[in-house]
Amino acid sequence: MRTELCKLLGIEKPILSAPMGGAAGPDLVAAVCGAGGYGVIPLWGKPVDQVISGIDQVRALTGRNFAVNLNLSFPYLDQLQACIDKKVHAVSLFWGMEPSAIATAKDGGLVVLVSVGSAKEAKIAEEAGADVIIAQGWEAGGHVWGQVSTMALVPAVADAVRIPVVAAGGIADGRGMAAAIMLGASGVWIGTRFLASTEATIHSEYRQRILSATETQTEWSHDLYDIAWPDAPHRALSNSTSQKWREAGSPSPGNRPDEGEVVGHRPNGDAVLRYQSYTPLQGTQGNVEAMSLWAGQGVSLVRSIAPAADIVEEIYREAIEVMQTRRGVA
């Protein structure tokens, strides 16, 4: 399954690991790259020295291409320059549409991946010089930019641009990958499935809740987990925090049940507040269940823990098998 995307990124399997906040560290990114896929490491919101360190850590583990994920709603110019100076292969830009950022990255010699939630945004990104469009459907876990489902968004974007399109949102197995390819995507962007990889740096309780969740047990909200990142719609597992909030009538920030309560602490000892945007990492203490447990609607397909390399291979092989069975082609 060699697509145009594979040639552009220098990979064998058109599978990209989503940045997933703090859940995707160097080990996960390197493992995906080593399996023939393409890893994306989230380094946004970090000081430049930590961006440089993060790049070096990945490079110490793999000689393959990877991307650095930057969030355009947070300061990013210095971080982008660091990526250029370090000559990383690519940057993944999300949470906003900044043609100037795309142009700067291109001028710096980087491949540019841009996440969008509509065909209109995809056209803007292409015109600005983007190399790859990440079409993120509403089913996606974590922070969700648009409100169109993957099934409707991917073909609309694929028809709107000439550059490779990567499907994101709700894809967690080879069947989903095959469907995305049939819709016009050149590859897939997977997050929730990799939360159950051995390399994911999340708390064990978070992982177990991923493994036991059904497709109906995620919730999309505009401002539930808004502390530290306001006005950023997101999807997470239903839990005691979301239940209390819904039962109270989904009040706006400032009027929510138990607002300001400390529900735990980060590994470094910093407090985690109820309604805070925070990925529960290994070493987190406290009521992890009440924290923001990001997950997409494909979570019901995640039922086992496995090395990231095995997940890449399993999804890829299943996709080929499905496409051969359904279409009679290799």
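List of remarks:
- Taking region 275-302 and a reference point 7 angstrom along Cα→Cβ of residue 204, the backbone N atoms nearer than 17 Å belong to 280-289.
- The length gained by stretching the chain between residue 303 and residue 211 to full extension, at 0.36 nm per residue less their Cα-Cα distance, is 32.6 nm.
- Here, P(r) means the percent of Cα pairs in each 10 Å bin from 0 to the largest distance; for the chain it is 6, 28, 37, 23, 6, 0.
- Spatially proximal aspartates and glutamates relative to residue 120 (Cα-Cα < 20 Å; intrachain offsets below 8 disregarded): 98, 131, 139, 159
- In this structure the amide hydrogen of residue 170, modeled in the peptide plane, comes within under 5 Å of the amide hydrogens of 140, 141, 297, 298, none closer than 5 places in sequence on its chain.
- Each residue of region 260-272 is assigned a 3J(HN,Hα), and the resulting list reads x, 5, 7, 9, x, 9, 5, x, 7, x, 5, 5, 10 Hz, derived from the Karplus form 6.51 cos²θ - 1.76 cosθ + 1.60 (θ = phi - 60°), x at Gly and Pro.
- Among 8-17, 88-97, sorting by the average number of other beta carbon atoms lying within 10 angstrom of each residue, highest first, gives 8-17, 88-97.
- Ranking 83, 187, 260 by how far each Cα lies toward the positive end of the dipole of the chain (charges on Cβ) leaves 187 at the top.
- q = 0.21 Å⁻¹, region 214-299: log10 I(q)/I(0) [Debye, one scatterer per Cα]: -0.99
- Protection proxy ranking, peptides 67-79, 184-196, 21-33, 121-133, average beta carbon neighbours within 10 Å, highest first: 184-196, 21-33, 121-133, 67-79
- Per residue of the chain, the DSSP helices (runs of n ≥ 4 H) give a summed -39500 (n - 2.57) that works out to -10500 deg cm²/dmol at 222 nm.
- Amide H contacts of residue 238: 218, 219, each under 5 Å away and 5 or more positions distant or on a separate chain (H built 1.01 Å from N in the peptide plane; Pro and chain starts excluded).
- Coordinate range along principal axes, alpha carbons of region 1-143, Å, largest first: 38, 38, 30
- Only lysines eight or more places from residue 46 in sequence, or on another chain, were considered; those with a Cα closer than 26 Å are 86, 87, 106.
- Beta-bridge orientation, the chain: approximately 30 percent antiparallel, per DSSP, counting only bridges with both partners inside.
Computed from the coordinates by the stated procedures, all read-outs in this text should not be read as laboratory data. The structure displayed is predicted, hence computed values, not measured ones. Using ideal geometry, Cβ is built from the backbone for each residue, glycine included, and neighbour counts are taken over all protein chains shown.
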